[in-house]
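**Student:** What follows is a single structure, and I will ask about it in a moment.
The values are calculated or read from the model by the stated rules, or taken from the named source; none is laboratory data. Computed from a predicted model, the values in this text were never measured in an experiment. For neighbour counting, all protein chains shown are included, and Cβ atoms are generated from backbone atoms with ideal geometry for every residue, glycine included.
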Amino acid sequence: MMLMSKNFCSRSSIPNGGKIPLSFWNCLNSGSEKNQKWGGDSIVGFGKYRYQYKTGHSGEWPVTGFSPRKQNLPLYIITGFNGEEELLSSLGKHRLGKSCLYINKLEDVDLEVLGQLVRKSIAEMEKRYEIVS
């Protein structure tokens, strides 16, 4: 995937036909001291880590990132860290998957709390995995 710029935010639609505001971009970027490393038509990611399943399958994936879709805005974070439940209860309207936080509308969440979630998720990733950039 290629490296992308902030222009992605102005081009990418999010639920309800809106555009990704720079405040959201800055929330993720400031939440991560990792440089944006992944990009393409549908994903922006920060940092990169290596994983390996018990089956032997391995690969690389962003430490954190997002992928705007028409129906919601998935954020790639890790779960199961200390303080996660408290932050999620303060975040606002969302749905949590195995490794994604789904937001229907950015107006439904507190971006400051979201930044805290991203920072804590990254710290947990650094404990669990080999970060390669």
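**Student:** Examine the stretch 76-91 for a residue that is in contact with an Asp or Glu (Cβ under 7 Å, 6 or more places away or on another chain), without any contact (Cβ under 8 Å) to a residue 24 or more places away in the chain and assigned to a helix (DSSP H, G or I), and state whether such a residue exists.
**Tutor:** Within the stretch 76-91 (the criterion being in contact with an Asp or Glu (Cβ under 7 Å, 6 or more places away or on another chain), without any contact (Cβ under 8 Å) to a residue 24 or more places away in the chain and assigned to a helix (DSSP H, G or I)), the answer is yes, since at least one residue qualifies.
**Student:** Which residues, taken from the stretch 65-100, are among the charged types (D, E, K, R) and surrounded by 13 or more Cβ atoms within 10 Å (Cβ to Cβ)?
**Tutor:** Just the residues of the stretch 65-100 that are among the charged types (D, E, K, R), to begin with: 69-70, 84-86, 93, 95, 98.
R69, E84, listed by residue number.
**Student:** Filter the stretch 44-103 down to the residues that are of a type in the set (D, E) and under 15 Å from L114 (Cα atoms), then identify the one that is nearest to the chain's Cα centre (by Cα).
**Tutor:** Applying the filter and picking the extreme gives E84.
**Student:** Find the residue count for the stretch 16-64, including only residues that are surrounded by 13 or more Cβ atoms within 10 Å (Cβ to Cβ), at pLDDT below 85 and not in a loop (DSSP other than H, G, I, E, B).
**Tutor:** Residues in the stretch 16-64 being surrounded by 13 or more Cβ atoms within 10 Å (Cβ to Cβ), at pLDDT below 85 and not in a loop (DSSP other than H, G, I, E, B): 16 in total.
**Student:** Return the only residue of I103, I131, I122 being surrounded by 16 or more Cβ atoms within 10 Å (Cβ to Cβ) and either farther than 13 Å from L75 by Cα or in contact with a His (Cβ under 6 Å, 6 or more places away or on another chain) (or both).
**Tutor:** The match here is I103.
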